[in-house]
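The structure under discussion appears below in the form of structure tokens.
The values are calculated or read from the model by the stated rules, or taken from the named source; none is laboratory data. These numbers were taken from a predicted model, which means no experiment stands behind them. Using ideal geometry, Cβ is built from the backbone for each residue, glycine included, and neighbour counts are taken over all protein chains shown. The protein model used for the area step is the full one, side chains on, heavy atoms only, and it has no ligands, DNA or RNA in it. Shrake-Rupley method; radii C 1.70, N 1.55, O 1.52, S 1.80 Å.
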Amino acid sequence: MALIEVRRGIQTEILSYTGKEDPSCCVSLITSERTLDLKFGSKNKRDEFIRALQIVIEELHLIDQIKFL
């Protein structure tokens, strides 16, 4: 299962159903088989998570295969 995209905000069908989430605190990890929607306590925490994920991916030399939106 490969990570294909990292989407900031409410950009998946499941997250959009609730209508109560703060988009600035949400991120979705899109893989070839499923989606993982995450909600953080703040925009800063979400952005810290995304940056940490980018660092890991860069270290694994996979950054060219994933879109960060």
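Results, tabulated for the structure shown:
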| quantity | calculated |
| --- | --- |
| Sparsely packed GluC sites (Glu not before Pro) within the stretch 6-66, loop by DSSP, other Cβ within 10 Å at most 14 | 33 |
| Net +/- balance of residues flanking residue 18 in space, Cβ distance below 14 Å, scoring K and R +1, D and E -1 | -2 |
| Candidates per trypsin sites (Lys or Arg not before Pro) in the stretch 1-46, loop by DSSP, up to 13 other Cβ within 10 Å | 20, 34 |
| Per residue value of the accessible surface for the stretch 13-54 (all protein chains in place, 1.4 Å probe), Å² | 66 Å² |
| The chain: relative contact order as a whole-number percent, Cα under 8 Å and 6+ apart | 36 percent |
| At 1.306 mPa s and 10 °C, Stokes D of the chain from Kirkwood alpha-carbon radius, µm² per second | 129 µm²/s |
